[in-house]
Amino acid sequence: MIPIEESFIRAVTLLDGPKPTEQRAEIVAHLDTIVDYARDNAEERLAHSFKEMTLNHLDSIGRDTSTIVEEKMDLALIATEELIIAIVERNRRGIG
């Protein structure tokens, strides 16, 4: 497993955990690693988008209404999907 995949899995696992807001610093560290390991401009834009949407969702927990939290989660999931596709495509092409 390459570092971007490992950090992605760890960030998503922490977000899905019982207390994601208490683990914000660790999540941010993994998101930063994802950005650092982006291989090209397109992947870097996706990584930044994923980070931004993920933090927007994380920061809305306990602050916003459940509807807003859910909307922000949906945006984060879209960014997640786009990043996963980019990582899979990278692996398919054999770029590590």
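The values are calculated or read from the model by the stated rules, or taken from the named source; none is laboratory data. Please read these numbers as outputs of a predicted model, since none were measured by experiment. All Cβ positions, glycine included, derive from the backbone under ideal geometry; neighbour counts span all protein chains shown. Just so you know, the surface numbers come from the protein's heavy atoms only, side chains and all, with ligands and any DNA or RNA stripped out. Shrake-Rupley method; radii C 1.70, N 1.55, O 1.52, S 1.80 Å.
Only one item in (i) 30, 23, 9; (ii) 19, 17, 13; (iii) 24, 14, 10 matches semi-axes √(5λ) of the Cα gyration tensor in Å derived from the coordinates shown, and that item is (iii).
Accessible area, 1.4 Å probe, largest first: how do 5, 70 sort?
Listed by decreasing accessible area, they come as 70, 5.
Within the listed set 25, 86, 47, the residue fluctuating most in the Gaussian network model of the chain (springs between alpha-carbon atoms under 10 angstrom) is 25.
The residues of the chain have, on average, 61 Å² of accessible surface per residue, using a 1.4 Å probe with all protein chains present.
Assuming charge only on the beta carbon of Lys and Arg (+1) and of Asp and Glu (-1), the dipole of the range 1-43 about its Cα centre is about 160 debye to the nearest 20. Placing unit charges on each Cβ (+1 for Lys and Arg, -1 for Asp and Glu) gives the chain a dipole about its Cα centre, and among 76, 23, 65 the Cα reaching farthest toward its positive end belongs to 23.
In debye, nearest 20: dipole of the chain around its Cα centre with unit charges on the Cβ of K, R (+) and D, E (-)? Value, rounded to 20: 180 debye.
Compared with the alpha-carbon gap, the fully stretched path from residue 70 to residue 89 is longer by 4.0 nm at 0.36 nm per residue. Rounded to the nearest whole Hz, the Karplus-based 3J(HN,Hα) values (6.51 cos²θ - 1.76 cosθ + 1.60, θ = phi - 60°) of the range 30-45 follow the sequence 5, 5, 5, 5, 4, 4, 4, 8, 4, 8, 8, 4, 5, 5, 5, 4, with x at glycine and proline. Split the accessible area of the chain by element, probe 1.4 Å, and carbon with sulfur accounts for 53%.
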